[in-house]
Amino acid sequence: MTAPRLEIDLSKIEHNTRVLVEILGQRGISVCGVTKAMLGAPLFANTLLGAGVKGLADSRVENIQSMRHAGIDAHMSLIRSPMISQVEQVITASNMSLNTEIDVIAALSEAASSAHTVHSILLMVELGDLREGIMPNDLEDVMRKTLSLPNIKLEGIGTNLACRSGVVPDAKNMGELSQLANTLEATFGGTLSTVSGGNSANLNWALGDEGKGRINNLRLGEAILLGCEPLYRQPIDALFTDAFILVAEIIEAKQKPITPRGSIAQTAFGDAKALHESGTIPQLLLVIGQMDTDTAGLTPPDGMDILGASSDHLIVSAGKHVLSAGSEVEFQLNYSALMRAMISPFVTKKFSHGRLAHWRSAKRAALMGAH
């Protein structure tokens, strides 16, 4: 079988999605499934929809266009603020976009008017992470201007935390978002149908005991894909953490010294790691490298250690494993490694519906009925 390859178990992804949709639904929070790490793959998108997500979301309009061309008829949101140079594609492919700049919203309005359609908007608010977002003091002014634009429908407000600065979603900043929603409704009348609290980093807060205020939507990607929350990378009970396996083939297996010899300068990717140990180890050379994935985000089988990587090679200590050229090694991935493996044209993607492992009913019940 072709290697390197990314083996993708859609059954485990479906399971993860259903569990999260159900437990968040009990708290009045809908789930928008984020497809960006999977490049909008139709099989993945349909799996999310079949598992009950409210809609799909992606940061690249090209991925949304690919899903549309594959015949996927679902509510789709562009979750990175649109470029003015792409507003025509945005209003054609997506139902809604997340925005922070009134000039961009005005361009979307003009494009939507020309296309005789209506485009929905979610205004993103800056609540501390310092990536995208309207400063809270400016929100009323931006909303007033947005409401004046033709062919634009204001759906609500949202925020994004943890992605740039690691700011933790908590009762304080989620409470601030809820209060902003209440204030805007009191000022302008009407009801904001969507108050989107953020991404997978919100799960520790969302699954906690305190009330959720006005937050009624989350945009989830990593938790669905990898079964963990992104703040501390802890597994979420009742979710699979191994829906993705990266498989690489060994092209060399030799006993080699632990420490290199000769004068040491920089490697192809920066400073070399200092090694001053004696002896030899069983070293494996695998066909996967920095061009294919984030090698720092790979976890090898027990007993093996990743020693280094170059553009095209991964160097691994075999430990007590006895392997030879032609054998394959399986790795688990973090989010960074997964995204880069999906992007690489040299990594084959293999989708399948594997068999689900047996889960103890008590473990599932503890998560589903805990709060």
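Figures for the structure shown
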| item | result |
| --- | --- |
| Hits in region 41-81 - residues which are under 20 Å from Ala223 (Cβ atoms) and among the aliphatic types (A, V, I, L, M) | Ala41, Leu43, Ala45, Leu48, Leu49, Ala51, Val53, Leu56, Ala57, Ala74, Met76, Ile79 |
| Where Ile224 falls short, out of the listed (1) closer than 27 Å to Leu338 by Cβ; (2) part of a loop (DSSP other than H, G, I, E, B); (3) hydrophobic (A, V, I, L, M, F, W, C) | (2) |
| Any hit, region 114-130, residues being out of contact with any Lys or Arg (no Cβ under 9 Å at 6 or more places or on another chain), part of a helix (DSSP H, G or I), at pLDDT 95 or above and farther than 26 Å from Pro169 by Cα | yes |
| The one condition in (1) assigned to a loop (DSSP other than H, G, I, E, B); (2) surrounded by fewer than 17 Cβ atoms within 10 Å (Cβ to Cβ); (3) out of contact with any Pro (no Cβ under 6 Å at 6 or more places or on another chain) that Glu252 fails to fulfil | (1) |
| Within region 158-207, considering residues that are of a type in the set (Ser, Thr, Tyr) and touching a strand residue (DSSP E or B) at 6+ places or on another chain (Cβ under 8 Å), the one nearest to Pro235 (Cα to Cα) | Ser200 |
| Among residues of region 137-159, those that are more than 20 Å from Ile79 (Cβ to Cβ) and either of a type outside the set (D, E, K, R) or in contact with a helix residue (DSSP H, G or I) (Cβ under 7 Å, 6 or more places away or on another chain) (or both), counted | 8 |
| Qualifying residue in region 235-249 (condition: hydroxyl-bearing (Ser, Thr, Tyr) and assigned to a helix (DSSP H, G or I)) | no |
| Candidate set from region 1-60 (those that are touching a helix residue (DSSP H, G or I) at 6+ places or on another chain (Cβ under 6 Å) and among the acidic types (Asp, Glu)); member that is surrounded by the fewest Cβ atoms within 10 Å (Cβ to Cβ) | Glu14 |
| Elements of type strands (runs of 3 or more DSSP E) contained in region 289-342, each with 3 or more residues being more than 24 Å from Glu222 (Cα to Cα) and in the same structural domain as Ile251 (by TED's automatic domain parsing) | 305-309, 314-317 |
| Hey, Ala70 surrounded by fewer than 23 Cβ atoms within 10 Å (Cβ to Cβ), among the small types (Gly, Ala, Ser) and under 29 Å from Val247 (Cβ atoms) or not | yes |
| Cross-chain or 6+ apart pairs with Cβ under 8 Å, region 76-91 first and touching a residue at least 40 places away in the same chain (Cβ under 8 Å), then buried (at least 16 other Cβ atoms within 10 Å of the Cβ) and among the β-branched types (Val, Ile, Thr) | Ile79/Val34; Ser81/Thr100; Ser81/Val104 |
| Hits in region 306-343 - residues which are charged (D, E, K, R), within 26 Å of Ala37 (Cα to Cα), surrounded by fewer than 18 Cβ atoms within 10 Å (Cβ to Cβ) and free of Cβ contacts under 8 Å to residues at least 60 places away in the same chain | Asp312 |
| Evaluation of Ser165 against (1) of a type in the set (Ser, Thr, Tyr); (2) in a loop (DSSP other than H, G, I, E, B); (3) surrounded by 16 or more Cβ atoms within 10 Å (Cβ to Cβ) (one fails), failing number | (3) |
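The values are calculated or read from the model by the stated rules, or taken from the named source; none is laboratory data. Not measured: the values here are computed from a predicted model. No Cβ is skipped: glycine too gets one built from the backbone with ideal geometry, and neighbour counts run over all protein chains shown.
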